[in-house]
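What follows draws every value from the coordinates through simple rules; no lab data is involved. None of the values given here were measured: they were computed from a predicted structure. Because the Cβ atoms are built from the backbone with ideal geometry, glycine has one as well, and the counts that use them run over all protein chains shown.
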Amino acid sequence: MDTHTHVCTEKLYNHTITIKATVLSTSIKLPTSEEIKKLSLADIAISGGLADEFRDRLREYVHIDPYCVPDPFSDKDDCNYSVILDRENLNRIVVLFANKKGTLPQLPWSAILGERLVKVSVSKEDALAIKHELMPKETNNFYPYRRNGITTGYIMFAFQICR
């Protein structure tokens, strides 16, 4: 009977964590331009390190091309945008994504993000503002990534930040 009680408690505990994570990710607000400007060199270094770890985990599921391409923010783009943030300091932007609409099935984000990171959907305008704040260079800031040989999106990492 103790074993059964333990299993039920564990399932309930895991279920509770899932609910809390969902509430947290839906209530997160993006950092403002001013908050991004106030990031310290240590914050940028931490974001860069987290981006490097994230890239390694992401590579288990996709192929990241070794060269950058023009930014995906054209008038004719057909992308959904999102950012990956550090839960310990939500002003630390780790990754900026532009995913093509209608591409292959979703990635296993909980496995890729781990406990420390959170993925938040953003508008194209917000993504572009974040990109300009972190990477003022006008073009060729994004790496394409592929699944099954098809480019499914573009990604910019914090370790690319120009400040």
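Computed quantities for the displayed model
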| read-out | value |
| --- | --- |
| Charge dipole magnitude, Cβ of K and R +1, D and E -1 - region 31-160, Cα centre, debye nearest 20 | 320 debye |
| Region 31-160: radius of gyration and largest Cα-Cα distance (Dmax), Å | 13.7, 40 |
| Sequence-distant residues sharing a close amide H with Cys79 (under 5 Å, placed H) | Lys101 |
| Set of region 119-156 residues, backbone N closer than 14 Å to the point 7 Å along the Cα-Cβ line of Asp78 | 151-153 |
| For region 32-48, 3J(HN,Hα) per residue [Karplus equation, 6.51 cos²θ - 1.76 cosθ + 1.60, θ = phi - 60°, Hz, x = Gly/Pro] | 7, 4, 5, 5, 5, 5, 7, 4, 7, 4, 5, 4, 5, 5, 5, 4, x |
| Gain upon complete extension [Arg57, Ser33; 0.36 nm per residue less C-alpha separation] | 5.8 nm |
